[in-house]
Structure formats: structure tokens, C-alpha cells
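S.K.: Would you mind keeping the following structure in view while I ask a few things?
The values are calculated or read from the model by the stated rules, or taken from the named source; none is laboratory data. Since this is a predicted model, take the numbers as computed values, not measurements. Backbone-built Cβ (ideal geometry, glycine too); neighbour counts: all protein chains shown.
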Amino acid sequence: MRTMHSLALAIGLFASATAFAQAPAGAPAGSTALCKDGSYTSTESKKGACSGHKGVKEWYGDKQAAAPAKTTAAATPAADTKADAKAAKAEAKADTKATKAESKTASPSKAAAAGGGAGQVWVNTESKIYHCPGTHWYGKTKQGEYMSESAAKAAGNRADHGKACSG
């Protein structure tokens, strides 16, 4: 009988998980939304997600499956239902902690901001350092903008590690 309950719970979880939109294959693990500037976020709620990134372009929903489907009290003994619910809650809490830890370590792998192009550098407006196309931080810092290298220098910005993009 217990195996039957576990099977029903597994089927319910699978069915509810397919009801949510899936993040695209190129999105970082744990992503819940695509921002309008092309970056991703892993915030738990839609409210405030992508603030500073021109808002949410597409919401993928919760990072984890919805709560397990409820079973009727007549079909299962009350003790089993309570134990199963408690175990499912503990597992969901552990998954949430693991996902939060993953998202904290994955922050440098943000997608490049939309824009740029030939002859454009990315200026981190907070640090006043500009990054060349193809470098690690090009278009990826929290605050910044694209501009020509000469405009960046004229505005008092300096090259990352002192290495100018053009000769």
C-alpha cells in the first residue's frame, strides 16, 4: 500500500512540474526569468525580479516543482499522509537551500547585456573601468553602459588591467 502512495505522489509531482514554463537550454541553472536586457535572474518571486535590467521579459515560474498533489483522506491513513507531507516539505526546503547556494556561486556567469557592437567597450559605471569585447566582464557587470573606447577614456574611465582594446 505504501508503494502505491509513493507512486501516486511521484506521478502528481511529475504532472505538476510539467505545468510550469521551462527555462531555455542556454539559461543558467536555476533561472526563473529572462530580463529585457538579456540577463537572467533566479529570484523566487516575480516582484522585483530584473529591477535595474529593464524588467522581466519572460517568467519561467518557480525553480522547483509545485507542491505535491493532495490525496484524499479516505484513500490513505492519516498518519501516512502527515508523514509523507512532512517528508516532502523537508525535501523541498533542502532543494531551496541548494538552489540558493548554486545561484550565489554562479553570479559571474551572467549573460552579456544586449547592445555593444564593433568598436564598443563596456564601461562599469561604478568602478570606472572599461572592458574590451571578448573579455570576461564585457557586458556583465551590474551597472554599466556601452560606448566607444575614446569616449570612455574622455569620460575618465580606464582600461581593465591597463590593457587598451585598440593599439
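S.K.: Regarding the range 70-86, can at least one residue be identified that is touching a Leu at 6+ places or on another chain (Cβ under 9 Å) and at pLDDT 65 or above?
M.R.: Yes, the range 70-86 contains at least one residue that is touching a Leu at 6+ places or on another chain (Cβ under 9 Å) and at pLDDT 65 or above.
S.K.: Out of curiosity, is Asn157 over 18 Å from His53 (Cα atoms) and surrounded by 12 or more Cβ atoms within 10 Å (Cβ to Cβ)?
M.R.: yes
S.K.: Still on this structure, I have one more. Quickly run through the range 125-150 and pick out the residues that are out of contact with any helix residue (DSSP H, G or I) (no Cβ under 6 Å at 6 or more places or on another chain), of a type outside the set (Gly, Ala, Ser) and farther than 19 Å from His53 by Cα.
M.R.: Lys128, Cys132, Pro133, Thr135, His136, Glu149
S.K.: What number of residues within the range 127-144 are surrounded by 15 or more Cβ atoms within 10 Å (Cβ to Cβ) and either of a type in the set (Phe, Trp, Tyr) or out of contact with any Pro (no Cβ under 8 Å at 6 or more places or on another chain) (or both)?
M.R.: 11
S.K.: Right, something else. For the range 127-144, which residues satisfy the criterion of being closer than 11 Å to Asp160 by Cα and among the polar types (S, T, N, Q)?
M.R.: Within the range 127-144, Ser127, Thr135 meet the criteria.
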